[in-house]
Every structure is written in C-alpha cells, then in structure tokens.
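Participant: Attaching a single structure in structure tokens format; questions to follow.
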Amino acid sequence: MSHAIRRASELALDETTVTALRSALRTTADEIVQAIIDEVPSYANALSGRMGATIRRAVRTALGHYLDLASGIATGGDGGDAAYELGRGEVRDGRSMDALLSAYRVGARVAWRCLAAGAVPAGLPAAEVAKFAELTFAYIDELSAASAAGHADELAARGRAHERHLEHLARDLLAGASPDVLLASGQRAGWQPPVSLTAVLLPAPQARPAYRTLDPNTLVLDDLPDATGVLLVPDADRSHLLRQLTDRTAVVGPARPWARASASYARAARARSLSPDIRDTEDHLPELVLSADMDAFADLRARALAPLRALPAATARRLEETLRAWLLHQGRRDEVAAELFVHPQTVRYRMSQLRELFPDLPSPHRVLELTLAVGLRAAPAGAPREG
C-alpha cells in the first residue's frame with residue numbers, strides 16, 4: 001500500500017470528519033454492494049444471502065482500514081491481504097478478473113460519492129477534498145492490483161494442479177490401469193473420456209510443439225526415461241493426424257477404446273524398436289505380427305529353413321531371396337524374376353534347387369511355415385542376423 005500511504009501522509013483528517021465518515025460506513029458499504037449488483041452482471045446473483053452479508057462485511061472492513069489510513073492511524077492489518085484472497089476466491093467461484101475490476105470501479109465511484117457527501121458537510125476544506133479524492137482512488141487501485149495478483153496466482157496454481165492430474169491420468173493409461181482407476185483419474189483431471197485414443201510416440205522435445213497443433217483434450221507426456229514423448233490423441237481422424245505429424249519423427253499406433261490406450265502405446269513402441277522408418281503401424285501389421293515373439297520367430301526360421309544351413313552363406317542368401325519372392329508372387333516366374341532382377345531361367349534353376357532341398361514344398365502346411373519364416377527380410381539361414 002506504499003502509494004496510498006504516501007497519499008495519506010499528505011492528508012490528515014480531523015476527528016470530526018473521521019467520526020462523520022465512520023458513522024456512514026454501513027450505509028456506504030450497502031450502497032457499494034447494491035451498485036455492484038445493479039451494474040456488474042456477473043454479481044447479479046452472487047451477492048445475495050450469506051455471500052452478500054460476507055461481502056458487505058468485507059467492504060465495511062476495507063472502508064474502515066481506508067479511514068484509518070486517511071486519519072493517520074497505524075493499523076496492523078493490510079487491506080491488500082484481504083484483496084489478494086478476494087482475487088483467489090473469484091477464481092474458485094468461476095469469475096474473471098474483468099468482473100472484479102468492474103466491481104472495483106463501481107465501488108470506487110460510489111465510495112467517493114458517499115465519503116465526499118460526509119466529509120464536505122463535516123467541514124473538510126476544499127483543498128483537502130482533492131487530496132482525499134486522490135487517496136480514495138489510489139487505495140482502490142492498490143486493492144485492485146492485489147486482487148489481480150491473487151487471481152493470477154490462483155489461476156497459475158490451478159493450472160499446475162490440472163496439468164499434474166492430466167499427466168497422472170496419462171501414466172495410468174499407459175500402465176493399463178483398471179477402468180475404475182482410470183475413471184477416477186479422469187474425474188480428478190476434469191477430462192471427459194473419448195471413444196478412442198491413439199498413441200503417438202516421438203522425441204520428447206517434439207511432444208509439446210506437436211501437442212499444441214492437436215485436439216486440446218490430447219494427453220501428453222514428455223519425460224519418459226528413454227527421452228520419448230507420448231501423445232494420446234482422442235477420436236483421431238487417422239489420415240489427418242498423420243498429415244499433421246508429417247514433419248515430425250513420429251510413430252502412430254492404432255486407435256483403441258480409451259481405457260485400452262496402453263495397447264496402442266505398446267504397438268507403437270514395438271514398431272519403433274523394429275525400425276526407425278515406421279510411421280504408421282497400420283502399414284506394417286505383418287512385420288509387427290512376425291516380430292511379436294522374436295524367440296518363437298527365430299525358432300520357426302531355424303526349423304523351416306534348416307535345409308539351407310549346410311549351403312555356403314552366399315548361396316543360402318540367394319535361395320532364400322528366391323524362395324521369398326516365389327512364395328509372395330505365388331510361383332509366377334516372370335514376376336519373381338522382375339523382383340530379383342534376374343532372368344526367368346535363373347529363377348527356374350534356383351527353384352529346382354529349392355525343390356530338392358524342400359521335397360514337401362507343395363504342402364500347404366510347408367508353404368505356411370516357409371511364408372512366415374521368410375516374411376521378414378531377416379538374415380538368411382546360415383548367415384549371422386544383423387542388429
């Protein structure tokens with residue numbers, strides 16, 4: 001209240017004036033509250049009943065502190081503390097600072113009118129009336145500033161708390177928590193569950209910038225141990241989401257019911273571990289299926305391609321590539337040759353070798369097993385597997 005105190009030091013109201021003003025405190029407070037109700041729509045219903053009585057007492061207290069200041073009486077309290085708490089309370093009641101500042105402007109006008117009406121008849125000299133007016137408006141300005149600070153601090157605190165609740169919800173979702181736990185986390189965060197969530201993995205520094213371009217109900221984490229950021233995008237239009245992430249190093253998992261977002265996250269994480277070039281997991285389902293159990297896949301390859309193991313590595317590699325193309329092109333020799341960039345006669349020769357190695361090649365069960373075994377472009381049998 002330093003500015004108001006400086007103004008007060010230039011003004012010393014005599015006892016007669018102060019007594020006259022104090023006698024009108026209750027009436028002045030009532031007029032201020034009524035004017036606020038009449039002129040500030042946000043307070044039309046807020047200042048009735050118990051709340052209205054509380055506000056009237058607060059206004060009288062502020063006016064009393066103001067008169068103490070104006071008369072040179074040192075007080076232990078500071079109207080700024082109460083004004084600061086009032087600003088915080090406005091956030092809790094869901095009102096903006098604009099509404100409170102409007103109330104202060106109305107209150108200042110009515111307070112000055114009432115105080116001047118009491119001070120002038122009590123004999124306050126004209127020269128002092130101007131100083132009295134300056135003190136009145138300086139005091140209201142400082143109350144307004146204190147309330148604005150309280151309002152801003154409460155908003156910031158609520159924002160931090162809300163963000164913590166949202167992060168906690170995101171962690172629960174990634175951990176696959178039970179539906180009851182997820183619903184409770186969502187309620188604490190004030191988050192309305194969507195139909196589905198789609199997990200997006202990307203480098204942690206890209207998480208917040210990408211988040212700002214997406215649905216505001218997207219959940220975001222950017223502090224996972226491996227420097228990975230995760231976005232959980234509600235009810236995403238997949239093609240649109242992929243376009244939004246075009247310039248980012250992102251892996252987009254499948255859409256899953258919101259309570260099963262952990263499944264989308266797990267698939268995206270597995271796709272990223274499979275290849276840094278995967279963006280849309282839905283474009284790589286065969287690879288993801290075959291890599292779901294790498295030990296089982298390795299056992300399948302070892303058994304299915306055992307006949308190639310006795311051959312020189314280069315020969316085994318050529319025959320496996322030919323076998324893979326032959327299976328995928330369903331034995332169409334010209335298409336196999338085109339894929340391998342060899343002559344069709346070369347394909348015929350290699351397939352003769354393969355039929356000798358795999359006498360039961362026409363068997364549907366053998367075809368299935370071999371198709372799975374060569375489904376990924378892994379190192380061929382007899383050669384060391386890379387990476």
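The values are calculated or read from the model by the stated rules, or taken from the named source; none is laboratory data. Please read these numbers as outputs of a predicted model, since none were measured by experiment. Every residue, glycine as well, gets a Cβ built from its backbone with ideal geometry; the counts of neighbours run over all protein chains shown. Just the protein is used for accessible areas: all its heavy atoms, side chains included, with ligands, DNA and RNA removed. Shrake-Rupley method; radii C 1.70, N 1.55, O 1.52, S 1.80 Å.
Participant: Just the accessible area per residue of the chain, please: how many Å² with a 1.4 Å probe?
Facilitator: 52 Å²
Participant: Net charge around residue 172, counting only other residues with Cβ within less than 14 Å of its Cβ (Lys, Arg = +1; Asp, Glu = -1)?
Facilitator: The answer is +2.
Participant: Same structure, new question: Percent relative contact order of the stretch 86-203, based on C-alpha pairs within less than 8 angstrom and at least six residues apart?
Facilitator: 31 percent
Participant: Take every Cα pair under 8 Å in the stretch 192-289 that's 6+ residues apart, average their separations, divide by the length, and report that relative contact order as a whole percent.
Facilitator: The normalised contact order for the stretch 192-289 reaches 33 percent.
Participant: A further question follows. Any idea of residue 270's accessible area? Nearest 10 Å², probe 1.4 Å.
Facilitator: Roughly 80 Å² of residue 270 is accessible to a 1.4 Å probe.
Participant: Still on this model: Pairs of alpha-carbon atoms within less than 8 angstrom and 6+ residues apart define the contacts here; what relative contact order does the chain have, in percent? Mind dumping the intermediate values first?
Facilitator: Working: 485 pairs, mean separation 46.2, N = 387.
Reported relative contact order: 12 percent.
Participant: Could you pull out every whole DSSP H run in the chain that spans at least 27 Å of Cα extent along its own axis and averages 0.5 or higher on the Kyte-Doolittle scale?
Facilitator: 97-119
Participant: Ok, one more. Give the residue from 170, 349, 189 lying farthest towards the positive end of the charge dipole for the chain; charges sit on Cβ (+1 for Lys and Arg, -1 for Asp and Glu) and the dipole is referred to the Cα centre.
Facilitator: 349
Participant: Compute the distance from the alpha-carbon center of the stretch 233-310 to that of the stretch 133-158, in whole Å.
Facilitator: 55 Å
Participant: So what does residue 19 come to for accessible area, using a 1.4 Å probe and Å² rounded to 10?
Facilitator: Here the accessible area works out near 80 Å².
Participant: I would also like to ask the following. Summarise the accessible area of the chain (1.4 Å probe, protein heavy atoms) by the percent that is carbon and sulfur.
Facilitator: Roughly 55 percent of what the probe reaches on the chain is carbon or sulfur.
Participant: Trypsin sites (Lys or Arg not before Pro) within the stretch 194-255: which are DSSP loop residues with at most 11 other Cβ atoms inside 10 Å?
Facilitator: In loop regions of the stretch 194-255 (DSSP not H, G, I, E or B), the sparsely surrounded trypsin sites (Lys or Arg not before Pro) are 212.
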